[in-house]
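> Take a look at this one; I'll ask things after.
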Amino acid sequence: MSTKNFEVLEEVVIKFAGDSGDGMQLTGGQFTNTAALFGNDLGTFPDFPAEIRAPIGTVAGVSGYQLNFGSKEIYTPGDKCDVLVAMNSAALKVNLFNLKKGGIIIANTSGFDLKNLKLSGYDKNPLDDGTLDGYNLIKVDVTRMTREATEDIQLGVKEKDRCKNMFVLGFLYWMFDRPMENTINFITKKFAKQDDVKEANLRALKAGYHYGDTTETFTTRYHVEKAKMEPGTYRNIMGNQALSLGLVAASQKSGLPLFLGAYPITPASDILHELAKFKNFGIRTYQAEDEIAAICSAIGASFGGSLGVTTTSGPGMALKLEAMGLAVMLEIPLVICDIQRGGPSTGLPTKTEQADLLHALYGRNGECPMPVLAARSPADCFDTVLEAARIAIQHMTPVILLSDGYIANGAEPWRFPSGNDLREIKTSFAKPMENGEKFMPYARDEKLARPWAIPGTRGLEHRIGGLEKQNITGNISYEPENHEFMVKLREEKVELVADYIPLQSLDSGPEKGELLVLGWGGTYGSIKASVKELQDEGYKVAHAHLRYLKPFPKNLGELLHNYDKVLVPEINNGQLVKVIRDKFMIPAIPFNKIQGLPIMKAELVNSIKSLLA
């Protein structure tokens, strides 16, 4: 029986770090699922290397997964880590700066041999030269003990070494008092047809757990209680998963078949993979030969009466621009999901950024307006894409939804709704013409939306193509006055969406005062955590977060003018702040970080305090 002491903690941040082949994403994901099942609130930040396969043991190949879990509300993956798992010297070198002083380092000593030290640029072994003085260093020969645990299994050394992440996971389960059952079930199911691989992973997992339990070196274990959360049924969800489920829900609530045309691109590809699992709901997915074919196939599906969707990231958005203009000219529903990453060009494929906002608002030829929405968290992707689909269908317009790599790959608990909780999306098609009636394809309703005419409907004459249309008739028109009229009409139609969206509300804080922090997209957690900390300290700071970026909510200008200062934090060089200054004529203040990383709470707290000093 274990005689260790338990220390109760309110919140813990763990960073799993190792070479790309060390399975750190899987390890972090399994710990996250177990913490979520236990009832902790949490936030995660997977940090992938940009190189598809960097040389083993180098700093360029380090893959990380940061998890913040606790018994209180969690809004971010955490700033500094309490625990750093370093599977080799390169992982230590890349992540040591982000470990709290006095924090725990679990180091796999086999990853600190001469070869690894040289590859990572260390002249001396940091485990022995005093570099880590001031930290709680736990040296474990993970590789050796994993091999011993799997000694009599008929696998090669390489296959056995692939199980060492399970040894680490088992040890952390012991350290943080978490059960192994969830991971045991996962391994059993995943390797159901590979008995040796299954047995090796199970043995490594249990060996890591029992190592902690039987070694006299460790005198303390840690326990994090369940979080007090709103009653309901929860599941752990990543952003791209939530976005996919939101699209399935939009298809069901609108009664429209959903068609996704996509070309694989990081970090959007998982939406294609996820939606392909839902053929039972009538979801059709198509991996096109390029980005242009992807969006054009979705436009064709929409023309035929489906909910057309295309997904991409920055470089793909650039390639889709002409087709977006076609969708605007045709005035048909289309949802374009841009999962932003660092740019320009190929840029930082695996790193996050909010740099496509101006692209989404203005980046097309001609005057080409369309609504733009942004999700603020992994779970919020569900609601935001559902809203994007509603606007697209009921206002007969393409809609851009912005997410980013941080949201797409991050995870949080999600209290998912039932189908009855979701409101219907009303859909209507133009009816067949009777008794010689003449169909007017560009006649409009009170939303300025034209009728959705399905090919093959009796008596309807359809309009297709990107040439300018005459109002009402939809005939091709080169008349100067008509073009000016249609340009203004398309803009008015998009701005009219503001009559059908909620007014902007505060997330927290006073309705008037000295400072408002205005955010959009993936900065939500950082801003919320920062503002809450300042409010707890007595600062009168407010927070508002935008979902609707075009058109803005009708009361946004009034809300902004209630504050002496407006701070706009963004993971770009200042894009929303430009739009806010231009539209509302206020001296909004930018706070920008352009490092492919989310904004840290401490960074934003310090900036806000300096503004209020």
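The values are calculated or read from the model by the stated rules, or taken from the named source; none is laboratory data. Here the structure is a predicted model, which is why all the values come from computation and not from measurement. Please note: Cβ atoms are built from the backbone with ideal geometry, for glycine as well, and neighbour counts cover all protein chains shown. Heavy atoms of the whole protein, side chains included, go into the accessibility calculation; ligands, DNA and RNA do not. Shrake-Rupley method; radii C 1.70, N 1.55, O 1.52, S 1.80 Å.
> Test of understanding: among Ala498, Ala449, Ala443, which residue is small (Gly, Ala, Ser) and within 22 Å of Gly308 (Cβ to Cβ)? Walk me through how you get there before you give the answer.
Values: Ala498 fails: within 22 Å of Gly308 (Cβ to Cβ); Ala443 fails: within 22 Å of Gly308 (Cβ to Cβ).
Result of the check over Ala498, Ala449, Ala443: Ala449.
> Further, regarding this structure: Restricted to the stretch 381-420, and to residues that are charged (D, E, K, R) and within 25 Å of Gly308 (Cβ to Cβ), which residue is most open to solvent (accessible area, probe 1.4 Å)?
Ranking the candidates gives Asp383 first.
> Of (1) at pLDDT 95 or above; (2) over 30 Å from Ala36 (Cα atoms); (3) open to solvent by 20 Å² or more (accessible area, probe 1.4 Å); (4) not polar (S, T, N, Q), Glu434 satisfies all except one. Which?
Answer for Glu434: the failing condition is (1).
> Which one is nearest to the chain's Cα centre (by Cα) among residues in the stretch 503-527 that are closer than 21 Å to Thr384 by Cα and open to solvent by 40 Å² or more (accessible area, probe 1.4 Å)?
Ranking the qualifying residues of the stretch 503-527, first place goes to Asp507.
> Then there's this: Whether any residue in the stretch 208-226 is under 31 Å from the mean Cα position of the chain (by Cα) and farther than 20 Å from Val85 by Cβ is what I want to check.
Filtering the stretch 208-226 for residues under 31 Å from the mean Cα position of the chain (by Cα) gives 222-226.
Still in the list and also farther than 20 Å from Val85 by Cβ: 225-226.
Among the residues of the stretch 208-226, at least one is under 31 Å from the mean Cα position of the chain (by Cα) and farther than 20 Å from Val85 by Cβ, which makes the answer yes.
> Conditions: (1) in contact (Cβ under 8 Å) with a residue 12 or more places away in the chain; (2) out of contact with any Ser or Thr (no Cβ under 9 Å at 6 or more places or on another chain); (3) basic (Lys, Arg). Arg178 meets all but one. Number of the miss?
Result: Arg178 fails condition (2) only.
> Please specify each residue of the stretch 212-238 satisfying the condition of being of a type in the set (Lys, Arg) and within 15 Å of Arg415 (Cα to Cα).
Matches in the stretch 212-238: Lys228, Arg235.
> Quick check on this structure: which one of Arg423, Arg444, Arg450 is open to solvent by 70 Å² or more (accessible area, probe 1.4 Å) and either in a loop (DSSP other than H, G, I, E, B) or under 16 Å from Glu331 (Cβ atoms) (or both)?
Arg423 is the lone residue from the list that is open to solvent by 70 Å² or more (accessible area, probe 1.4 Å) and either in a loop (DSSP other than H, G, I, E, B) or under 16 Å from Glu331 (Cβ atoms) (or both).
> If you don't mind, another one. Run down Pro315, Pro349, Pro378 and say which single residue is open to solvent by 30 Å² or more (accessible area, probe 1.4 Å) and of a type outside the set (Phe, Trp, Tyr). It would help to see each step written out before you state the result.
On the way: Pro349 fails: open to solvent by 30 Å² or more (accessible area, probe 1.4 Å); Pro378 fails: open to solvent by 30 Å² or more (accessible area, probe 1.4 Å).
Only one candidate passes the filter, namely Pro315.
> In addition: Enumerate the pairs (first residue in the stretch 576-588 and closer than 16 Å to Gly521 by Cβ; second residue anywhere and of a type in the set (Phe, Trp, Tyr)) with beta-carbon separation below 7 Å, excluding pairs fewer than 6 apart on the same chain, so at least 6 apart or on different chains.
Leu576/Trp520
> Please determine, by comparing only the residues of the stretch 218-252 that are open to solvent by 30 Å² or more (accessible area, probe 1.4 Å) and among the β-branched types (Val, Ile, Thr), which one is nearest to Thr44 (Cα to Cα).
Thr233
> What tally of residues in the stretch 470-481 results from selecting those that are farther than 15 Å from Ala327 by Cα and open to solvent by less than 60 Å² (accessible area, probe 1.4 Å)?
Result for the stretch 470-481: 4.
> Let me confirm something: among Val579, Val541, Val487, Val494, which residue is more than 26 Å from Ala389 (Cα to Cα) and β-branched (Val, Ile, Thr)?
Val541
> Of everything in the stretch 581-613 that's among the small types (Gly, Ala, Ser) and out of contact with any helix residue (DSSP H, G or I) (no Cβ under 9 Å at 6 or more places or on another chain), which residue is most open to solvent (accessible area, probe 1.4 Å)?
Ala613
> Check Ile105, Ile52 and return the single one that is surrounded by 17 or more Cβ atoms within 10 Å (Cβ to Cβ) and not hydroxyl-bearing (Ser, Thr, Tyr).
So the residue among Ile105, Ile52 that is surrounded by 17 or more Cβ atoms within 10 Å (Cβ to Cβ) and not hydroxyl-bearing (Ser, Thr, Tyr) is Ile105.
> Go over the candidates Ile476, Ile454 one by one and state the one that is more than 30 Å from Leu373 (Cα to Cα), β-branched (Val, Ile, Thr) and out of contact with any Asp or Glu (no Cβ under 6 Å at 6 or more places or on another chain).
Exactly one of Ile476, Ile454 is more than 30 Å from Leu373 (Cα to Cα), β-branched (Val, Ile, Thr) and out of contact with any Asp or Glu (no Cβ under 6 Å at 6 or more places or on another chain), namely Ile476.
> For the stretch 486-521, name all the residues that are in contact with a strand residue (DSSP E or B) (Cβ under 9 Å, 6 or more places away or on another chain) and hydrophobic (A, V, I, L, M, F, W, C). Full working, then the answer.
Step one: list which residues in the stretch 486-521 are in contact with a strand residue (DSSP E or B) (Cβ under 9 Å, 6 or more places away or on another chain), which gives 486, 494-495, 497-498, 501-502, 504-521.
Answer for the stretch 486-521, where residues must be in contact with a strand residue (DSSP E or B) (Cβ under 9 Å, 6 or more places away or on another chain) and hydrophobic (A, V, I, L, M, F, W, C): Met486, Val494, Val497, Ala498, Ile501, Leu506, Leu515, Leu516, Val517, Leu518, Trp520.
> In addition: Which condition breaks for Lys554 when tested against (1) open to solvent by 40 Å² or more (accessible area, probe 1.4 Å); (2) within 25 Å of Gln394 (Cα to Cα); (3) not in a loop (DSSP other than H, G, I, E, B)?
Every listed condition holds for Lys554 apart from (3).
> Another question about this same structure. Just to be sure before I move on: is Thr215 polar (S, T, N, Q), open to solvent by 60 Å² or more (accessible area, probe 1.4 Å) and at pLDDT below 95 in the structure I sent?
Spelling it out, it is not the case that Thr215 is polar (S, T, N, Q), open to solvent by 60 Å² or more (accessible area, probe 1.4 Å) and at pLDDT below 95.
> Can Asn98 be described as out of contact with any helix residue (DSSP H, G or I) (no Cβ under 9 Å at 6 or more places or on another chain) and open to solvent by less than 30 Å² (accessible area, probe 1.4 Å)?
Considered against the rule, which asks whether it is out of contact with any helix residue (DSSP H, G or I) (no Cβ under 9 Å at 6 or more places or on another chain) and open to solvent by less than 30 Å² (accessible area, probe 1.4 Å), Asn98 comes out as yes.
> Restrict the check to the stretch 487-501 and report whether at least one residue is without any contact (Cβ under 8 Å) to a residue 60 or more places away in the chain, aromatic (Phe, Trp, Tyr) and either farther than 21 Å from Leu326 by Cβ or exposed (fewer than 14 other Cβ atoms within 10 Å of the Cβ) (or both).
No, the stretch 487-501 has no match at all.
> Let me ask something additional. Against the condition surrounded by fewer than 22 Cβ atoms within 10 Å (Cβ to Cβ) and touching a residue at least 40 places away in the same chain (Cβ under 8 Å), how does Leu467 come out, does it pass?
When the stated conditions are applied, Leu467 passes them.
> Here's something else I'd like to know. For the stretch 101-123, how many residues are touching a helix residue (DSSP H, G or I) at 6+ places or on another chain (Cβ under 8 Å) and within 18 Å of Val12 (Cβ to Cβ)?
Residues meeting the conditions: 2.
> Out of all the residues in the stretch 136-186, which are surrounded by fewer than 18 Cβ atoms within 10 Å (Cβ to Cβ) and touching a Gly at 6+ places or on another chain (Cβ under 7 Å)?
Listed by number, the list holds a single entry, Asn136.
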